[in-house]
């Protein structure tokens, strides 16, 4: 089946620094990628949707200047948390859909990245 | 935008017991419905999905779900659980190209 990977799986950074998280679709070309944030005991919250080659669409309440999303190719999307603060500590999950090799209706999820800001 | 509600966040049951997890959604248009499972330390995996046709959907590992349109529900069931079913289960609804998740059910199966 379609596989989505994320790197790194865990990252600890100091307050004020920036962190980049990569999301790759390994065996299919993803026309659309999604970034979610998962809080403890809460559901996955969609942060933004990005289509390859175009600007990401952010959900209400998500700061686009803080959470920079780049979807440069059909197999790679990156999320950069800029000037991270402790409240940004969370579990970030990417998801990919569509394109060649994957079902156009099904979203495939990455394993997630645990971000801790100290 | 659609919303998804799951009740009874924590469920504890013994092996061989039956499991039913409720999922209700609110959205006026056409929806696609999903149940995902997240085993400890692993990523989300698709259990089953409903797009159209037979409202009773069978998924992997003996799970099934029934879409009842009039009740806006998509409940998940398994007649006899195993210890390996210990996981978190998420209901998700896609409408208007957005996939919204419920808060999840933490299921613990006691051997």
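A short reminder: the numbers here are calculations on the coordinates, not readings from a lab. Just so it is clear, the model here is predicted, and its values are computed rather than measured. Virtual Cβ from ideal backbone geometry, glycine too; neighbours counted across all protein chains shown.
Remind me, relative contact order of chain A in percent, using alpha carbon pairs under 8 angstrom and six or more residues apart? Intermediate results must be reported in sequence, preceding the final value.
On the way: 309 pairs, mean separation 43.8, N = 118.
Across chain A, relative contact order equals 37 percent.
Taking chain B as a Gaussian network of alpha-carbon nodes connected by springs under 10 Å, the highest mean-square fluctuation of the residues B:62, B:95, B:29 belongs to B:29. Short-range pairs are left out: with C-alpha atoms under 8 Å and at least six residues apart, the relative contact order of chain B is 39 percent.
Please rank A:108, B:27, fewest neighbouring Cβ atoms within 10 Å first, as an exposure proxy. Walk me through the numbers on the way to the answer.
Values: A:108 24, B:27 17.
Going from least to most buried by this count: B:27, A:108.
If you take the beta carbon distance between residue A:85 and residue A:27 as r and set R0 to 35 Å, what does 1/(1 + (r/R0)^6) give as a FRET efficiency, to the nearest 0.05? Please report the intermediate quantities before stating the final value.
On the way: r = 36 Å, r/R0 = 1.03.
Step by step, r from the Cβ atoms, then E = 0.45.
What is the calculated FRET efficiency for residue B:83 to residue A:5, with r their C-beta to C-beta distance and R₀ = 30 Å, to the nearest 0.05? Once rounded, the FRET efficiency stands at 0.55. Taking chain B as a Gaussian network of alpha-carbon nodes connected by springs under 10 Å, the highest mean-square fluctuation of the residues B:90, B:63, B:72 belongs to B:72. For the pair residue B:108 and residue A:20, label points projected 7 Å from Cα toward Cβ lie 4.2 nm apart. Of the residues B:44, B:33, A:26, the one with the fewest other Cβ atoms within 10 Å heads the list, and the complete ranking is A:26, B:33, B:44.
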